[in-house]
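Each remark here refers to the structure printed beneath this line.
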Amino acid sequence: MCGIIGYIGNSDATRVLVDGLYRMEYRGYDSAGIALVTNDGIVLRKVAGQVRDLDHVVSTMTQRSCLGIAHTRWATHGVPNDHNAHPHMDCKGQFAVVHNGIVENYRTLKKFLEERGHTFSSETDSEVIPHLIEEFYTDDLLSAVIKACSYIEGTYGLAIITLRQPDCIVAARMGSPLVIGKGQNEYIVASDLAAIISHTDQVVYLRDGDIAEIAQDKLRIESRQMGTIAPEIQRVTWTLEQIEKSGYAHFMLKEINEQPLVMRDTIRGRLNYDEGIARLNGIADHVEQLRDADRIIIIACGTSWHAALIGEYMIESLAGIPVEVEYGSEFRYRKPVLTKGTVCIAVSQSGETADTLAALREAKRHGIPVLGICNVVGSTIARETDAGIYIHAGPEIGVASTKAFLAQIMTFALLSLLLGRLTHLSLDAGRNIIDAITRIPDQLSDLLQNLPETLIDIAKAFKDHRNFLYLGRGYNFPIALEGALKLKEISYIHAEGYPAAEMKHGPIALIDKNMPVVVIAIKDAIYNKVISNIEEIRTRSGIVIAIGSEGDESLQEFADYTIFVPKTLDHLYPLLTTLPLQLLAYYIADLKGLDVDRPRNLAKSVTVE
Ligand code: G6P
């Protein structure tokens, strides 16, 4: 949730660290801080607020340093204020620590440390860490951190500096991502590639249980399981341009506009027209296991969970394999019946979501094969699954997921095509799907050209409403859920998504002349049923904003506002109907003057339970 970064090299550490924080700000943005090793001791600056507030503070600093750590916070324990901001220090100001994660046993540790004379200055769980290190330090930071970590229950990504050894950073990982970038005579350690990529494309991903000692010219990694291990350097292919705004007002808008390109990347090299099938090399060794599965369980959270629901509908209808979709957070704590013949698929943009990760570990403990559908290459979920499919959406920075959602749906379209062809689908049906899939990127481009004007008008008309209802059926029911989620995430307007026919079992009581209802009413197999639902809304004076299929002029008779998307196959419509809902949420939030990319209380990557 939080972003952490450390730097050691020849450059001005303050600049490298603050620039890195800007790039990771989407991970948390309620307070920020920096600690530098200088000739005057460890210099610490912390502010409640955003990275730009910290930037303002450090711009007046006279001290210079080539060694430091910094943090941008998403509060879990202790309100966001200057005291609770990281870095945290020990009693004598000799050790500074930035932490991402939660120390679950911090109360016990704090009591133990207080009994030994330590005094605390924040309400955070994290502050026990510098005090533990102070307690255990004799002459070697690495050894002290190894010992401190053995006392911590919970999750951590840590970067630590000390005055006693002003030539190294120690970093440790357990459950919170950490990457080390290797430059020319410099290293940067961060919770995110975004903070590293402008310096180097050579990186080492730490694994859970790894503790690294990083000197300017040397990297040593101690693994809890394997002792000293050789750093495995990998090359990153994401470019800096991909993670910058490229002239858009917000990352979210940029990412929405990238979707045609993303669709091309997701399908590139994966369609075989001759055989009417998709090729997914990442899971090539597991395709038969999936085809013959008694049941597939898809595990996910948030927007990825909505994509998983669409995946369920697609796989069941194209391949006839039973599918269940589970929230990671529920799956891990109930007692799921995991029989032989079950295959799990974990879906996660970041590949770091704690609940999804814990659920997949639970499935593995039962001996169930687990595959992954992830965006971030080298992420924990990508590494811990038996095999997987990368969605190739590129870095997603806006907290509200957009392009990754579409790429996840497209990935399920490919997977269901593959499984469908191995079970029920004819060659012609497979080719028909491939034709429709290859038209999607251009159809999205056309929509991006044509939609904004109408959607800005609708956004202006409804930005001050307090409630919205979103309805859809079949493949578009999860899109109603996602449309409502997008709106509430970034505009703070209460919105609910419902299967259209379920409306009459409750939500219909809310409908009056002030209730805008967004209905996805495309010309699919259940179109007439949805029109009946629209009638029910109109009879009660509700306002209907309908998303329909191109050419369905008659829809205008039923709706106050209509938005049309091009025709496609029923199961691919979600790839098109999502776009107007993303834009509607974006324009409403923007017109309300809200911070679209950093909605309050949310975080991009939820690495805590
Ligand atoms: C957070 C984000 C959501 C995301 C969810 C799951 O809540 O704000 O946008 O859908 O986590 O994240 P994942 O990375 O696992 O897809």
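What the table shows:
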{"quantity": "Order by protection proxy (mean Cβ within 10 Å, highest first), peptides 156-165, 399-408", "calculated": "399-408, 156-165"}
{"quantity": "Whether segment 245-446 is rounded, prolate or oblate, judged on the alpha carbon gyration tensor where a/c under 1.5 counts as rounded", "calculated": "oblate"}
{"quantity": "Heavy-atom accessible area per residue - the chain, 1.4 Å, Å²", "calculated": "37"}
{"quantity": "Among beta bridges that DSSP assigns inside the chain, antiparallel share in %, nearest 5", "calculated": "60"}
{"quantity": "Percentage relative contact order, the chain, counting C-alpha pairs under 8 Å, at least six apart", "calculated": "12"}
{"quantity": "Segment 520-531 - phi-based ³J(HN,Hα) in whole Hz, Karplus 6.51/-1.76/1.60, Gly and Pro as x", "calculated": "8, 10, 7, 6, 10, 4, 10, 3, 4, 5, 5, 4"}
{"quantity": "Per DSSP, loop GluC sites (Glu not before Pro) in segment 457-557 with at most 13 further Cβ within 10 Å", "calculated": "553"}
{"quantity": "Solvent-accessible surface (1.4 angstrom probe) belonging to residue 305, in square angstrom, nearest 10", "calculated": "30"}
{"quantity": "Cα convex hull of segment 451-592, projected area averaged across orientations, nm²", "calculated": "7.2"}
{"quantity": "Inter-probe distance in nm under a simple model that places probes 7 Å from Cα toward Cβ, at residue 439 and residue 288", "calculated": "3.7"}
{"quantity": "Protection proxy ranking, peptides 128-137, 469-478, average beta carbon neighbours within 10 Å, highest first", "calculated": "469-478, 128-137"}
{"quantity": "Residue 562 long-range amide H proximity, modeled H, under 5 Å", "calculated": "546"}
{"quantity": "Relative contact order [Cα under 8 Å, 6+ residues apart], segment 3-243, whole percent", "calculated": "19"}
{"quantity": "Rounded to whole Hz, the Karplus (6.51, -1.76, 1.60) HN-Hα couplings of segment 426-433, x for glycine and proline", "calculated": "7, 4, 4, 5, x, 5, 4, 5"}
{"quantity": "GluC sites (Glu not before Pro) within segment 213-276, DSSP loop, no more than 16 other Cβ atoms inside 10 Å", "calculated": "232, 244, 275"}
{"quantity": "Beta bridges per DSSP with both ends in segment 245-446, % antiparallel, nearest 5", "calculated": "10"}
{"quantity": "Among 566-579, 288-301, 105-118, the order from most to least packed when residues are scored by Cβ within 10 Å on average", "calculated": "566-579, 288-301, 105-118"}
{"quantity": "Charge dipole of the chain about the Cα centre (unit charges at C-beta), most positive-ward option of 594, 407, 137", "calculated": "137"}
{"quantity": "For the chain, calculated [θ]222 nm from helices alone, where every DSSP H run of n ≥ 4 adds -39500 (n - 2.57)", "calculated": "-11000 deg cm²/dmol"}
{"quantity": "Length added when fully stretched, residue 273-residue 361, from 0.36 nm per residue minus Cα-Cα", "calculated": "28.0 nm"}
{"quantity": "Cα-centre dipole for the chain with unit charges at Cβ (Lys and Arg positive, Asp and Glu negative), debye to 20", "calculated": "380"}
{"quantity": "Largest-first ordering by accessible area, 1.4 Å probe, given options 340, 592", "calculated": "340, 592"}
{"quantity": "Residue 463 paired with residue 19, simple spin-label distance in nm, labels 7 Å along Cα-to-beta-carbon", "calculated": "3.5"}
{"quantity": "Distance-filtered residues of segment 497-528 - backbone nitrogen under 18 Å, label point 7 angstrom along residue 541 Cα→Cβ", "calculated": "508-517"}
{"quantity": "Protein-only accessible surface order, largest first, of 325, 203 at 1.4 Å", "calculated": "325, 203"}
{"quantity": "Residue 556/residue 123 FRET efficiency (R0 51 Å; Cβ-Cβ; nearest 0.05)", "calculated": "0.35"}
{"quantity": "Segment 129-229, relative contact order [Cα under 8 Å, separation at least 6], %", "calculated": "21"}
{"quantity": "Nearest-10 value in Å² for the accessible area of residue 62, using the 1.4 Å probe", "calculated": "120"}
{"quantity": "Percent accessible area from carbon and sulfur atoms, the chain, protein chains only, probe 1.4 Å", "calculated": "46"}
{"quantity": "Gyration tensor verdict on the chain (Cα atoms; rounded if a/c is under 1.5, prolate if a/b is larger than b/c, oblate otherwise)", "calculated": "prolate"}
{"quantity": "For segment 3-243: rounded, prolate or oblate by the Cα gyration tensor [a/c cutoff 1.5]", "calculated": "rounded"}
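The values are calculated or read from the model by the stated rules, or taken from the named source; none is laboratory data. All figures in this text were calculated on a predicted structure; none of them were measured in a lab. With ideal geometry, Cβ positions are generated from the backbone for all residues, glycine too; neighbour counts draw on all protein chains shown. What goes into the accessible areas is simple: the full protein's heavy atoms, side chains included, and nothing from ligands, DNA or RNA. Shrake-Rupley method; radii C 1.70, N 1.55, O 1.52, S 1.80 Å.
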